[in-house]
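The values are calculated or read from the model by the stated rules, or taken from the named source; none is laboratory data. Keep in mind the model is a prediction, meaning the values are calculated, not measured. Methodologically, a virtual Cβ is constructed for each residue, glycine included, from the backbone with ideal geometry; neighbour enumeration extends over all protein chains shown.
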Amino acid sequence: MATRTQSRQSNRATSNRSSSPRPASSQSRSRDSRSAFSWGDGAGPVIAAALGGVAIGLAANYGRKALMQGMEAAVGDWDEILSAEHDVGLAVFDKMLATDESQTFKRKMLLMKLTHALDKHAHQEEMVVYPALREANEAVDADHLEGEHGYIKTFIYDLNEMGPDASNWLEKVREFRALVSKHAHMEEEQVFPRFKQALSEEQNARITSLVNRDGFWMA
Ligand SMILES: [Fe+2]
Ligand SMILES: [Fe+2]
């Protein structure tokens with residue numbers, strides 16, 4: 001264990017057409033005047049509703065991201081945010097290890113949750129922290145850590161392939177947890193503190209801002 005880590009749109013055009021049909025000649029004239037790509041009568045409100053739905057969906061997603069990342073942004077500096085994420089990930093592992101073979105749905109859901117959490121976390125490190133480490137002549141550690149992220153993805157691949165009712169599922173999760181725990185320890189106890197110590201206040205704030213921004217888009 002690491003030390004810390006929708007709109008209902010009434011189809012008025014359709015109902016109007018069925019309750020007061022226009023003369024056939026009008027209908028055919030209307031039909032003839034349409035291009036092959038015409039949206040047809042009443043499409044405007046439908047398109048507007050669809051666009052409205054998209055806007056609502058985007059706003060909801062934006063709000064969700066803001067909420068998720070806002071909670072993390074409140075944690076503190078980049079290294080504290082990443083450590084808190086380690087703790088969240090390891091707690092999911094513990095829930096996985098408390099399941100039995102009959103709990104296949106729960107195992108699938110927990111693996112999905114873990115995959116999303118680790119994916120977001122790795123993206124923040126690979127797009128911000130590790131590049132910053134390389135820029136600070138810490139390429140050996142950055143490459144080692146990024147290499148381990150590859151094996152973390154391999155564990156996720158293996159677990160998805162073996163299925164949640166496999167007899168060795170728990171054993172695989174245990175090995176997976178050990179790797180993530182060791183990796184998180186190295187980051188929290190060696191690499192991050194040493195790197196942070198060499199950063200100016202401005203550089204530290206910049207990395208925190210970039211980690212938060214990357215995490216927002218990945219949330
Ligand atoms: Fe990492
Ligand atoms: Fe990490």
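At a glance:
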item: Any chance ALA219 is surrounded by 17 or more Cβ atoms within 10 Å (Cβ to Cβ) and modelled with pLDDT under 95; result: yes
item: Matching residues in the stretch 164-189 - criterion: being farther than 20 Å from LYS106 by Cβ, touching a Ser or Thr at 6+ places or on another chain (Cβ under 8 Å) and not acidic (Asp, Glu); result: ALA184, HIS185
item: Some residue of the stretch 165-185 being more than 22 Å from ASN204 (Cα to Cα), in contact with a Phe, Trp or Tyr (Cβ under 9 Å, 6 or more places away or on another chain) and either at pLDDT below 95 or polar (S, T, N, Q) (or both); result: yes
item: Criterion (part of a helix (DSSP H, G or I), among the β-branched types (Val, Ile, Thr) and touching a Phe, Trp or Tyr at 6+ places or on another chain (Cβ under 7 Å)) met by exactly one of VAL140, VAL211; result: VAL211
item: Inter-residue pairs, beta-carbon under 8 Å, first of a type in the set (Asp, Glu) and in the stretch 193-219, second not in a loop (DSSP other than H, G, I, E, B), 6+ apart; result: ASP214/HIS123; ASP214/GLN124; ASP214/MET127; ASP214/VAL128
item: Residues being under 17 Å from ARG213 (Cα atoms) and of a type in the set (D, E, K, R) - total across the stretch 79-138; result: 7
item: The stretch 91-113, residues that are closer than 22 Å to SER167 by Cβ, charged (D, E, K, R) and either in a helix (DSSP H, G or I) or within 20 Å of the chain's Cα centre (by Cα) (or both); result: ASP94, LYS95, LYS106, ARG107, LYS108
item: Residue selected from the stretch 114-128 under the condition within 10 Å of the chain's Cα centre (by Cα) and of a type in the set (A, V, I, L, M), by the criterion farthest from ligand 2 (Cβ to nearest atom); result: ALA117
item: Any hit, the stretch 159-171, residues being assigned to a helix (DSSP H, G or I) and within 15 Å of ligand 1 (Cβ to nearest atom); result: no
